[in-house]
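The structure appears right after this line, and notes come after that.
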């Protein structure tokens, strides 16, 4: 013990050190089953979900499953029309 200080071993930060498989079983299965070029484009989908929730909110007003499905289809259609109107 130099200078009365114990020697410790500090773990290295393993970020960005090679390719690793996801640790959770569902993400691991998704990566295993998905085509490689498409797996790394998940951020596109997450960005779209975020934009949709920001513009139209995250809560559904319908109570039963059939009505929720109809509401979801209409919300996606509305979101797509909003994007088209914005681009024009």
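The values are calculated or read from the model by the stated rules, or taken from the named source; none is laboratory data. Source: prediction; values computed, not measured. FYI the Cβ positions are ideal-geometry reconstructions off the backbone, even for glycines, and counts take in every protein chain you see.
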Filtering segment 42-88 down to residues that are modelled with pLDDT under 90 and surrounded by 12 or more Cβ atoms within 10 Å (Cβ to Cβ), which residue is nearest to the chain's Cα centre (by Cα)?
42
Look at segment 29-41 and say how many of its residues are more than 14 Å from the chain's Cα centre (by Cα) and surrounded by 12 or more Cβ atoms within 10 Å (Cβ to Cβ).
1
